[in-house]
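The values are calculated or read from the model by the stated rules, or taken from the named source; none is laboratory data. Owing to the predicted nature of the structure, the values given are computational and were not obtained by experimental measurement. In this analysis, Cβ positions are derived from the backbone assuming ideal geometry, glycine residues included, and neighbour counts consider all displayed protein chains.
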Amino acid sequence: MFGLRHAFDADHIRAVDDTVRFMLQKGKQPLAVGFFFSLGHATVVLALAIGVALAAGAVRSELPMLKDFGAVIGAGVSGTFLWIIGVLNLLVLLDILKIWNSARSGTHSHAHLDALLNKRGLLIVFSADGCAD
C-alpha cells in the first residue's frame, strides 16, 4: 500500500506531466509515458532491493562484528533525521500560529500570506529545463 501511495507523490506526477507536456510541444504522441516511467522506477527499486539484500547477507555471514555497528549507525541516522524533521515541523507550526493569530486580530494580509507560500520551504524544485521554479 505504501508503494501505491508513493506512486502519487508530487515528484512522480510532475516527472510524468513534464514529459507528456514536452512531448506534446515537440508534436510527438506521449502514449505510455506513465507506463514506461513506472516500469523504469520499479526496475531500479527492485535492483536496489536485491543489492541491499545481497549486501546484508554478505555482511551477516562474513563480517558479524559489523552487525552491531551497523545497527547503531542506522538507528543514529534515523533518529537524527526524525529530530531534524520534527524541528522543521515545529518551525512551520510556529509560522502557521503566527499567521493564525494575525488573522484573528484582523491584521492579516493576503499579500503577506502569498509571499510566505511562494517561498516553498527549504527545497528548490527544478523544472525539466534545469531552472529553478
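Of all the listed residues (V45, V72), the sole one being among the hydrophobic types (A, V, I, L, M, F, W, C), without any contact (Cβ under 8 Å) to a residue 60 or more places away in the chain and surrounded by 11 or more Cβ atoms within 10 Å (Cβ to Cβ) is V45. Are any of the residues in the range 124-131 over 20 Å from A10 (Cβ atoms), within 18 Å of the chain's Cα centre (by Cα) and either of a type in the set (S, T, N, Q) or modelled with pLDDT of 75 or more (or both)? No: the range 124-131 contains no residue that is over 20 Å from A10 (Cβ atoms), within 18 Å of the chain's Cα centre (by Cα) and either of a type in the set (S, T, N, Q) or modelled with pLDDT of 75 or more (or both). Quick one: is S61 in contact (Cβ under 8 Å) with a residue 24 or more places away in the chain and either assigned by TED's automatic domain parsing to the domain that holds V16 or loosely packed, with under 10 Cβ neighbours inside 10 Å (or both)? Taking the combined requirement at face value, the residue does not satisfy it.
Looking at the range 1-102, the helices (runs of 4 or more DSSP H) lying wholly inside it that each contain 1 or more residues that are modelled with pLDDT of 90 or more sit at 10-25, 33-62.
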